[in-house]
Every structure is written in structure tokens, then in C-alpha cells.
Amino acid sequence: MKYKPADNIQDLQYFGEFGGVNPSISDSSTYTFLSAKTMFDTFEGNAEGCYLYSRHSSPSNLYLGKALAAMEGTETANVTASGMGAITSSLLQLCEAGDHIVTSRTIYGGTYAFLKNFAPKFQLYTSFIDITNLEAVEAAITTKTKVLYCESVSNPLLEVADLEALAKIAKKHQLTFVVDNTFSPLSISPAKLGADIVIHSLTKFINGSSDTVGGVVCGNQEFINATRSVNDGAAMLLGPTMDSFRAASILKNLRTLHIRMKQHSHNAIYLAKKFQQDGLRTVYPGLENHPGHETFKKLMNERYGYGGLLTIDVGSLEKANELMEMMQERNLGYLAVSLGFYKTLFSAPGSSTSSEIPIEEQEEMGLSDGLIRFSIGLDNDIERTYQMMKNCMLEVGILKEEMV
Ligand SMILES: *Cc1c(COP(=O)(O)O)cnc(C)c1O
């Protein structure tokens, strides 16, 4: 294979034109040309290193794209204004009216809503299946299917997709295999396992400071060029363009991703094991009884661990709310959606991030209303955090003294 995922984030740094340790921020929407011919060539896509207009590309966005392509081991990448901007522009680039997509029934709420409610306006139809059931995946593929789409680790149920096996199925049926790797940056490298296109919401772990939304599409030059084409490129024409200032700030945060992921994983597995010992229904891919544990283990880059997300089921939405409010009062984290922050974030997905999914379908996929999703933070003393969380659980009555 020509491109390999990077082992070391510190190898991804680019310094600036004037020797600054950070690249200069390109503070321009448009660019001058010294000759009219070069401008024409740039329009035609034939002037390497020239910039035309920042919706098309900008130096700051290219720096960030390069770093992320190196991280995922793809030829190139295009950054976007949000994860949804990356997902929707990629799918609309790949598909035409009449085409069909096969995806998991447990994908991110926004992606689900796009495929279920929006894409059919363009005669683009989707089958939602259990992605861990490879026979069901294959059975859903028709002559119209163009794309196999999944998340490496799904939101919020933390199902693990067997990317290797799915890549084989995609290849056999000549489908483009698109993987959203938002939940498992560095831990899983989908391109190495056979994904054609790897997408991230940069909003989450990669930026890690909950100060912006952002996205990226990592793929080969041909596909990325197609999305940026001035004539029929979805990224160019729909306009999900990241601002240069944000690209520069995300690049700086990317440099500590490897350290952060190790700490998120370290803290999450500690809590998951403790919660499970206490008798709570705990879902974490690092636990041996998780149905996707062996798959994750087979796919993973071990040193980054099983990621920072875990869920517990406390039985009812009332208990979930009571617990979350108490934990927030005691400064154990914030009652907020999203993930990848330095502080623990928690929310009840059934009534928040997955509320786009109808209740009956939520039940069918095992998304109960007492489910709390935790994005575990970078706490320096996770034992102390655990003790304090346990006290909240005892007070709320989720745990009983005799149980622990
Ligand atoms: C948040 C998220 C998205 C959407 O990203 P935005 O940056 O909010 O547009 C897509 N996929 C997954 C798995 C996510 O968690």
C-alpha cells in the first residue's frame, strides 16, 4: 500500500513560509495572479500551488487537510465546515438519483436524518441494517447500490463495525466504502483496513476543545478533486467551506491528539470496569463482554486504547436526568451533547442526539431512555472521579450500598 497511517502526530507538522513554527494563516478569500493565463489554468485545475478563491481551497485548509490525510493514510483530504458538510457532500458526490446506499441503523442522528428524510427528495434511497450482521449487509445490496456507509464505532450504542470484512463485501459488489471514524481517531485506521473514504467530524476528539465545528473527507486525489471541481463538485457547489482561522487552530490542537486519546481511553476503561463491577449495565468496547470487543481488538492500533465513549443504562430517563444534574453540580462534567472535550460530557441520547430516530426504532436497536452516554474527559485523577460519581449514584439510588 502506498499510503500508511502516521504513527506519530509530531511528524505531521508543517512550518510557515517565514520560518514560524506554525504556518501563516491565509487571511484572504481571493488570490491575485501575475498573468491572466495562470488564472485560466487554475480554473481548469491545472495550476499546482496556485489559489483561486477560498471556497475552492486555501493554504491554511490545505495544511490541515495534509496533516489529516497523513494521519489516516490517504492520498489527500479536504476539510469542511462541519462533519455533516463532509458527509453530505461526499454522499452527494458519489450518488445520483436512483442510487441506493446501505448503512447501519445505529448511525449518528444527523446522518440518519439526512439519509432518511432529505436524500429521498433526490431519489436517493437508503437501507438501514444491523452492520454487525454481515449477511444482512450483503442481502441489502442491490444492483442500484453505490455506497456502503458506516461508523467504525457507532453512536450512541458503540457497535463496532468489522471494517475488514465490510471492505471485502464492498469490493466484491464494487461499492464505495465510506467510513465515519469520528469516535475512534488513531485507535482505528479505516483506510488501512480497506475503506475508500474516511470522514471525521473534527468537532469531536480531533479538535478536542469544543470551540468549533469542522469536518474532513480523506480519500484519493481523484475523488477529492471531484468534490472540489468548479463545474460539478459537491464541496465546491454546496459550499461547506472551513474558515482559514479555524483550520489553523484545529491544526494546532491536532498535535496533542495522540496524548489526549491515550488519556481518554485510559480513563474510560477504568470507569467502565468499575461501573460494571458495581453492577451497572455498562457498554464499552474495551470490556470483554462487549459484542464488538474482539472485532475492535483485531482492528485497533493498540496503544490508543478503546476510546473515550461509554454508556450506562440507569433504567429510566428520570434517574438519568437526576444523576446527570447532580454530577454537573459537583463539577464531574457537563450535561451537554458532543464529545472529545477535556471535561467529561454526558447526555441521554434517546432524548437528545438520537432524537431524530423514531421511538420504535430506538427500542428495536436497544436504545433505551435510561441510557446515558459519557464522553470521558482527561481527568488527572480518575480514581477520585470514580469515587465522586459513585457517591452521586448512591444518592440518586441507582446503586445501593449493599451492591458496592
Ligand atoms: C458529531 C458527529 C457528526 C456530525 O459532525 P458535525 O461536526 O456536528 O457536523 C457525524 N458523525 C458522528 C459520528 C458524529 O459524532
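Over the chain, what is the relative contact order in whole percent, taking alpha-carbon pairs under 8 Å and six or more residues apart? Write out the running numbers ahead of the final one.
On the way: 819 pairs, mean separation 67.3, N = 404.
About 17 percent, as a whole number.
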If you average the C-alpha positions of the range 219-236 and of the range 107-123 separately, how far apart do those two centres end up, in angstrom?
22
Ordering of 97-106, 136-145 by packing [mean C-beta count within 10 Å, highest first]
97-106, 136-145
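Sorting Val213, Val153, Val230 by accessible area (1.4 Å probe), largest first, what list results? Let's see the in-between values first.
Values: Val213 85, Val153 10, Val230 45 Å².
The residues order as Val213, Val230, Val153, largest area first.
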Determine the share of the chain's accessible area contributed by carbon and sulfur atoms, expressed in whole percent, with a 1.4 angstrom probe.
50
Show that you can apply the helix-only estimate: for the chain, add -39,500 (n - 2.57) for every DSSP H stretch of four or more residues, divide by all residues, and state [θ] at 222 nm to the nearest 500.
-10500 deg cm²/dmol
Residues with beta-carbon under 10 Å from that of Val213, excluding Val213: net charge, scoring Lys, Arg +1 and Asp, Glu -1?
+1
For the range 298-404, which trypsin sites (Lys or Arg not before Pro) pass both filters: DSSP loop (anything but H, G, I, E, B) and at most 16 other C-beta atoms within 10 Å?
Arg330, Lys343, Lys400
Alpha carbon centroid spacing (whole Å) that separates the range 148-177 from the range 23-64
35
For the chain, give the magnitude of the charge dipole about the Cα centre (Cβ charges: +1 Lys/Arg, -1 Asp/Glu; no others), in debye to the nearest 20.
820
The summed charge of the Phe183 Cβ neighbourhood (under 12 Å; Lys/Arg +1, Asp/Glu -1) stands at -1
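Go through Cys50, Cys218 and list them by solvent-accessible area, largest first, probe radius 1.4 Å.
Numbers: Cys50 50, Cys218 0 Å².
Descending order: Cys50, Cys218.
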Please tell me the relative contact order of the range 266-404 in percent, rounded to the nearest whole number, where contacts are Cα pairs under 8 Å and at least six residues apart.
28
Once phi for every residue in the range 153-167 is put through the Karplus expression 6.51 cos²θ - 1.76 cosθ + 1.60 (θ = phi - 60°), the whole-Hz ³J(HN,Hα) values, with Gly and Pro written as x, are 10, 8, 10, x, 8, 6, 6, 10, 8, 7, 4, 4, 5, 5, 4
What FRET efficiency do you get for Val230 and Leu287 if R0 is 60 Å and r is their Cβ-Cβ distance, rounded to the nearest 0.05?
0.75
Please find, in a Gaussian network model of the chain (springs between Cα atoms separated by less than 10 Å), the residue of Thr344, Thr256, Thr80 whose mean-square fluctuation is greatest.
Thr256
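The values are calculated or read from the model by the stated rules, or taken from the named source; none is laboratory data. Everything numeric in this text was worked out from a predicted model, so none of it was measured. Cβ sites come from the backbone with ideal geometry, for glycine too, and all protein chains shown count toward neighbours. Each accessible area value is taken on the protein alone, full model and side chains, heavy atoms only, with ligands, DNA and RNA left out. Shrake-Rupley method; radii C 1.70, N 1.55, O 1.52, S 1.80 Å.
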